[in-house]
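Beneath this line is the structure, given in structure tokens, with notes to follow.
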Amino acid sequence: EAGVAQSPRYKIIEKRQSVAFWCNPISGHATLYWYQQILGQGPKLLIQFQNNGVVDDSQLPKDRFSAERLKGVDSTLKIQPAKLEDSAVYLCASSEGQGNTEAFFGQGTRLTVV
Amino acid sequence: DAKTTQPPSMDCAEGRAANLPCNHSTISGNEYVYWYRQIHSQGPQYIIHGLKNNETNEMASLIITEDRKSSTLILPHATLRDTAVYYCIVRGHTGRRALTFGSGTRLQVQP
């Protein structure tokens with residue numbers, strides 16, 4: 001089966017610019033996650049969706065980050081305006097549902113803010 | 001979810017067993033132990049999970065102590081492709097919460 005698709009793979013922007021990342025989860029997966037991974041650290045959850053509803057966005061910096069999951073399938077994560085400290089890999093993951101099921105991760109988008 | 005403690009790094013010779021420890025002394029009765037790994041420039045990959053019994057699959061074995069306060073992930077015959085960061089994660093049975101990653105153990109398999 002096809003895995004979690006993310007684009008772009010790499011993005012370089014200047015601070016204060018805007019950027020958007022796209023994620024297409026595995027078909028039929030109800031739960032979708034966005035993680036931020038700063039170099040040398042483990043991934044940190046930004047937001048979790050169940051279908052098109054938000055389950056957890058407690059660690060999402062809502063003054064500059066936003067995310068949506070239209071029709072409960074694809075998702076977009078946006079940063080506006082970007083700061084230098086937003087430089088990281090942004091990982092999307094999906095799972096069949098909540099509960100103890102395996103989460104599948106995409107390859108991530110590496111963002112560099114200069 | 002309970003906190004986990006892992007050594008920051010380990011080395012293993014190719015072809016030998018790699019034993020990666022994890023302490024989770026505050027684990028509660030309904031929390032599972034999960035292991036994921038992350039190969040360089042890739043997203044994390046699920047390896048195995050368990051509650052209290054030892055588990056084995058095609059990738060690895062998971063040994064959980066009787067008091068469930070620690071566990072060991074065993075890669076029986078490590079290869080160079082097993083070089084990665086390995087994350088031990090404790091997660092509640094309801095599974096409503098997402099995986100919470102620590103810093104993991106960086107395993108370097110040596111030729």
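Where the only charges are on Cβ atoms (+1 Lys, Arg; -1 Asp, Glu), what is the dipole of the protein assembly as shown about its Cα centre, to the nearest 20 debye? All intermediate terms of the calculation are to be shown ahead of the outcome.
Details: 23 positive and 20 negative charges, 125 e Å.
Using only the charged Cβ atoms, the result is roughly 600 debye.
Given the protein assembly as shown, what whole percent of its Cα pairs are spread farther than 24 Å? Let's see the in-between values first.
Working: 11274 of 25200 pairs.
Summing the P(r) of the protein assembly as shown above 24 Å gives 45 percent of all pairs.
Report relative contact order for chain B in percent, whole number only (criteria: Cα-Cα under 8 Å, sequence separation at least 6).
Details: 275 pairs, mean separation 40.9, N = 111.
Reported as a whole number, the value is 37 percent.
Once amide H atoms are placed 1.01 Å from N in the peptide plane, what residues at a sequence separation of 5 or more from residue B:97, or on another chain, have their amide H within under 5 Å of its amide H?
For residue B:97, no residues qualify.
I'd like the mean, over residues of A:102-110, of how many other protein chain beta carbons sit within 10 Å of each residue's own Cβ.
Working: counts 7, 8, 4, 8, 2, 3, 5, 0, 1.
For this peptide, the per-residue mean of nearby foreign Cβ atoms is 4.
Relative contact order for segment A:22-114: what percent, with Cα pairs under 8 Å and sequence separation of 6 or more?
Details: 198 pairs, mean separation 29.2, N = 93.
After rounding, I find 31 percent.
Taking N as the number of residues in chain A, what is its alpha-carbon radius of gyration divided by 2.2 N^0.38 Å? Please list the in-between numbers first.
On the way: Rg = 13.3 Å, N = 114, 2.2 N^0.38 = 13.3 Å.
That ratio works out to 1.00.
Based on alpha-carbon positions alone, could you give the equivalent ellipsoid semi-axes of segment A:43-89 from the gyration tensor, as √(5λ), descending, whole Å?
Numbers: eigenvalues 80, 26, 18 Å².
They are 20, 11, 9 Å, listed largest first.
Based on alpha-carbon centroids, what's the gap between segment B:37-111 and segment A:1-45 in Å, whole number please?
With segment B:37-111 and segment A:1-45 each reduced to a Cα centre, they are spaced 22 Å.
What's the long-distance tail for segment B:2-64, i.e. % of Cα pairs beyond 14 Å?
Pairs farther apart than 14 Å: 66 percent.
Heavy atoms only, probe 1.4 Å: what % of the accessible area of chain A goes to carbon and sulfur, would you let me know? Walk me through the numbers on the way to the answer.
Details: 2710 of 5550 Å².
Roughly 49 percent, rounded to a whole number.
Over 19 Å between C-alpha atoms is what I'm after, so list which of A:44/B:69; A:11/A:62; A:44/A:71; A:44/A:78; A:15/A:62; A:15/A:78 land there. Before the final figure, lay out the partial values.
Details: A:44/B:69 24 Å; A:11/A:62 21 Å; A:44/A:71 25 Å; A:44/A:78 16 Å; A:15/A:62 17 Å; A:15/A:78 14 Å.
Long pairs (Cα-Cα over 19 Å): A:44/B:69; A:11/A:62; A:44/A:71.
Just to check, using Stokes-Einstein with a Kirkwood Rh over alpha carbon pairs, what's the diffusion coefficient of segment B:26-107 at 20 °C and 1.002 mPa s in µm²/s? Mind showing how you got there, number by number?
Working: Rh = 13.3 Å.
Calculated translational D: 162 µm²/s.
The values are calculated or read from the model by the stated rules, or taken from the named source; none is laboratory data. The shown structure was predicted, so the numbers you read here are calculated from the model rather than taken from an experiment. Using ideal geometry, Cβ is built from the backbone for each residue, glycine included, and neighbour counts are taken over all protein chains shown. Calculation scope for accessible area: heavy atoms of the full protein, side chains included, ligands and nucleic acids excluded. Shrake-Rupley method; radii C 1.70, N 1.55, O 1.52, S 1.80 Å.
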